[in-house]
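*Asks:* Quick one: the structure is below, and I'll ask about it shortly.
Every read-out reported here was derived from the displayed coordinates using simple, explicitly stated rules and does not represent laboratory data. Quick caveat, the model's predicted, so the values are computed rather than measured. Here the Cβ is made from the backbone with ideal geometry for all residues, glycine too, and neighbour counts use every protein chain on show.
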Amino acid sequence: MDRVKAKKFLGQHFLKDKKIAEEIVNSLTCKNLEHVLEVGPGMGILSEFLLKKDYDTSFIEIDDESVEYLNQNFPEMEGKILHQDFLKMDIQSLEANNIAIIGNFPYNISSQILFRLYENRNKVKELVGMFQLEVAKRVISKPGNKVYGILSVLIQAFYNTSEVLTLEPEAFNPPPKVKSMVIRLERNDIEKLDCDEKLFFRVIKSTFNQRRKTIRNSLKSLMNITDFQSEYLGQRPEQLSVEEFVRLTNEVKKHLDSL
């Protein structure tokens, strides 16, 4: 088998430049990694460089044709290819506790991959991934930016974010309709937020789902705000930092407990 036919329903756009692939793999900087998961290796352009590293790596691929191609062209992958859907993978069952995720991620599941990262933040210490430019900017943007949103707050609560490189559509086969960006997410030192984390998520979701409204009005979907006091009520959600959302969550909890 000479190549894999890109499948639109899987969101496949294969990176062509090996120098860029090597740069992406070299962007993994987390120390003492116990396990690396490559999501969607496709034809193995990143895998080739991962195999040269001293990593215990698994390659998660849902596409039958890609699995066949990888088995034929990368014999050193034997026993390391997991033919399954990453979104259904039980990361918590892995023995390793210092895990990195890397990949040229399918754009149609990129947000879901980030939510999986958030859910498994106790194990995943680093992520280096290719995203649609719009999604990548959303993840790394700071308060006050119009694309700052739910993913920005959730990911930045537990990860330091940075841009690695931006790519034009011509870097891929077939070329996507948008630019792409590789970003790095490195686990910070916060083990647990200083608030009820389930309520934190609900507060963020409630406010950003009505982002054009002030906090005062968007919180009405979450609780009765009669007599609720907060310095943030006149602001919109994109103006609040992670730390401010933590404080707002504690104020909401205190109010809910008093009812």
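*Asks:* Roughly how far apart, in whole Å, are the Cα centres of the range 108-136 and the range 196-259?
*Replies:* Cα centroid to Cα centroid, the span is 25 Å.
*Asks:* If you count the DSSP beta bridges with both ends in the chain, what percent of them are antiparallel, to the nearest 5?
*Replies:* 50 percent
*Asks:* With r defined as the distance between the Cβ atoms of E134 and E22 and R0 fixed at 35 Å, what FRET efficiency is calculated, to the nearest 0.05?
*Replies:* For E134 and E22, the calculated efficiency is 0.85.
*Asks:* How much length is gained on full extension from I190 to K31, taking 0.36 nm per residue of separation minus their Cα-Cα distance?
*Replies:* 55.5 nm
*Asks:* Suppose R0 equals 45 Å; then what is the FRET efficiency for R212 and D85 from their Cβ-Cβ distance, rounded to the nearest 0.05?
*Replies:* The value I calculate is 0.80.
*Asks:* Count neighbours as other Cβ atoms within 10 Å of each site's Cβ, and list the trypsin sites (Lys or Arg not before Pro) in the range 82-190 that are DSSP loop with at most 11 such neighbours.
*Replies:* Counting only loop positions with at most 11 other Cβ atoms within 10 Å, the trypsin sites (Lys or Arg not before Pro) in the range 82-190 are K146, K177.
*Asks:* Related question: Quick test of the membrane-span-like rule: which DSSP H helices of the chain reach at least 15 Å along their long axis (C-alpha atoms) with mean Kyte hydropathy at least -0.5?
*Replies:* Correct list, ordered by number: 197-208.
*Asks:* Another one. Could you give the length gained on full extension between V178 and L256, defined as 0.36 nm per residue of separation minus the Cα-Cα distance, in nm? Mind dumping the intermediate values first?
*Replies:* Details: separation 78, 0.36 × 78 = 28.08 nm, distance 4.40 nm.
Stretched fully, the V178-L256 segment lengthens by 23.7 nm.
*Asks:* While we're on this one: Find how much the distance from D64 to N160 grows on full extension, using 0.36 nm per residue of separation minus their present alpha carbon separation; answer in nm with one decimal.
*Replies:* Extra length from D64 to N160 when fully extended: 31.1 nm.
*Asks:* Under unit Cβ charges (Lys, Arg +1; Asp, Glu -1), what dipole magnitude, rounded to 20 debye, does the chain have relative to its Cα centre?
*Replies:* Taking the Cα centre of the chain as origin, the dipole is about 1300 debye.
*Asks:* For the pair E170 and L94, what calculated FRET efficiency results from E = 1/(1 + (r/R0)^6), where r is the Cβ-Cβ distance and R0 = 30 Å, to the nearest 0.05?
*Replies:* 0.25
*Asks:* Still on this model: What fraction, in whole percent, of alpha-carbon pairs in the chain exceed 23 Å separation? Let's see the in-between values first.
*Replies:* Details: 18164 of 33411 pairs.
For the chain, the share of Cα pairs beyond 23 Å comes to 54 percent.
*Asks:* Which of the listed residues, P106, F9, V246, is farthest toward the dipole's positive end in the chain, when Lys, Arg count +1 and Asp, Glu count -1 at the beta-carbon?
*Replies:* Among P106, F9, V246, the one farthest towards the positive end of the dipole of the chain is V246.
*Asks:* Moving to a separate point now. Name the residue farthest towards the positive end of the dipole of the chain from the options H35, Q72, V203, assuming +1 on Cβ of Lys and Arg, -1 on Cβ of Asp and Glu, about the Cα centre.
*Replies:* V203
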